[in-house]
């Protein structure tokens, strides 16, 4: 298909076994698989490594998408979808795999009380380790490489998700991922670091008493 060598599995257990037998470059998972569902397959794959995962689902509620990201998916696509969009997202996952290989060699990043080790794939705020999903980790790393600079959703979509800037698709994935990132980074009453500005942009800065109210995301 489109020049890719594809292995097909009809149920979750077979899919997991196939991925263990021959490590894939990317995985496309349907949530509603017979036996072990796609969410559980994603969790098990994610516990064993960083293979890019695209989740397919007929459920388009934000809560359903959050569950997919929580399970370890990098992106999701709601059915029905256009084949062109599906292929664009697969290409994006593969591009991000190449970029991540380079970025993992860039060492540590820090901003205020947040420390992020790209080599060990670990992050902490103060003394508390942050439990970040892969895409949340990538997004935080991008913010930390661009601190206190207003970044558009368009730029994030291109640089973090790897999509062509002229093909935005369903950008709600950014809001969902930012929301999950905030929950973890702000746990324990820590001040907000990732702010929404201008309705469609974000900036990494430490919240102060003089900060202007931000636009709700």
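The values are calculated or read from the model by the stated rules, or taken from the named source; none is laboratory data. Not measured: the values here are computed from a predicted model. Reconstructed Cβ throughout: ideal geometry from the backbone, glycine too, with neighbour counts over all protein chains shown.
Taking the conditions exactly as written (in contact with a strand residue (DSSP E or B) (Cβ under 9 Å, 6 or more places away or on another chain) and farther than 24 Å from residue 70 by Cβ), does residue 190 satisfy them or not? Spelling it out, it is not the case that residue 190 is in contact with a strand residue (DSSP E or B) (Cβ under 9 Å, 6 or more places away or on another chain) and farther than 24 Å from residue 70 by Cβ. For the range 75-88, residues that are in a helix (DSSP H, G or I) and either in contact with a helix residue (DSSP H, G or I) (Cβ under 6 Å, 6 or more places away or on another chain) or at pLDDT below 85 (or both) total 0.
Which count do you get for residues in the range 52-70 that are exposed (fewer than 15 other Cβ atoms within 10 Å of the Cβ), part of a helix (DSSP H, G or I) and without any contact (Cβ under 8 Å) to a residue 60 or more places away in the chain? Number satisfying all stated conditions: 1. Within the option set 131, 113, being outside the structural domain of residue 39 (by TED's automatic domain parsing) and touching a strand residue (DSSP E or B) at 6+ places or on another chain (Cβ under 8 Å) holds for one residue only, 113. Among the residues of the range 46-58, those identified as more than 11 Å from residue 30 (Cα to Cα) and in contact with a strand residue (DSSP E or B) (Cβ under 8 Å, 6 or more places away or on another chain) are 46, 51, 52. Looking at 92, 15, 42, just one residue is over 17 Å from the mean Cα position of the chain (by Cα), crowded, with 18+ Cβ neighbours inside 10 Å and assigned to a helix (DSSP H, G or I), and that residue is 15.
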